[in-house]
1. Taking amide hydrogens as modeled 1.01 Å from N in the peptide plane, which residues meet the under 5 Å criterion relative to ALA141, leaving out close sequence neighbours?
2. For the range 75-165, what % of the accessible area comes from carbon and sulfur atoms, probe 1.4 Å?
3. Extension gain VAL44-ARG158, at 0.36 nm per residue separation less the Cα-Cα distance, in nm?
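The values are calculated or read from the model by the stated rules, or taken from the named source; none is laboratory data. Note that the structure is a prediction, hence the values are computed from the model and not measured. Quick note on the areas: whole protein, heavy atoms, side chains included, nothing else; ligands and nucleic acids left out. Shrake-Rupley method; radii C 1.70, N 1.55, O 1.52, S 1.80 Å.
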Amino acid sequence: MIFNSPLGLLTAVENGSGLQAVYMAEHKRRPAGDTFGEAVEVSVSPVLAQTAAELGEYFAGVRQEFSVPLAPCGSPFQLRVWAALRTIPYGEVRSYGELAAALGDRSMAQAVGSANGRNPISIVVPCHRVLGSDGSLVGYAGGLERKQFLLELENPARSHTETLF
């Protein structure tokens, strides 16, 4: 399913048991479109219908947590990191080191960063809430402008510069 958002076009992919991916138009590591399978109408897929509704509520400022069932594909370590991302509260941020410490080993910050950068379910699994150790905006597959937009949406006091969207 492809739909418009304040970040531009988003592509949501499900695999029958849950949401598998949410990609932005210029997403790094975005698979080729023909690997997504056949396009389906939202009305045919309860998962995609729920995804569209929840993302719409999120962008409208009414939703802070997502409840759509998830079905990401990744290594056991990546799945642990992506699960840890979902524990970062709306409007808050963590550093890669803090996330690594929460997973049991602060020295894994670089591995956590790598797994974070491969998160296939943007926004819903909030990899945008992870910053560099000095609080800088680093490493977002959708682009730093989008990361900034999402952080400011969740916490308007976080505004650093004028948003480009």
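1. none
2. Details: 2210 of 4160 Å².
Here carbon and sulfur together make up 53 percent of the probe-accessible area.
3. Working: separation 114, 0.36 × 114 = 41.04 nm, distance 3.87 nm.
Taking 0.36 nm per residue and subtracting the Cα distance, the gain is 37.2 nm.
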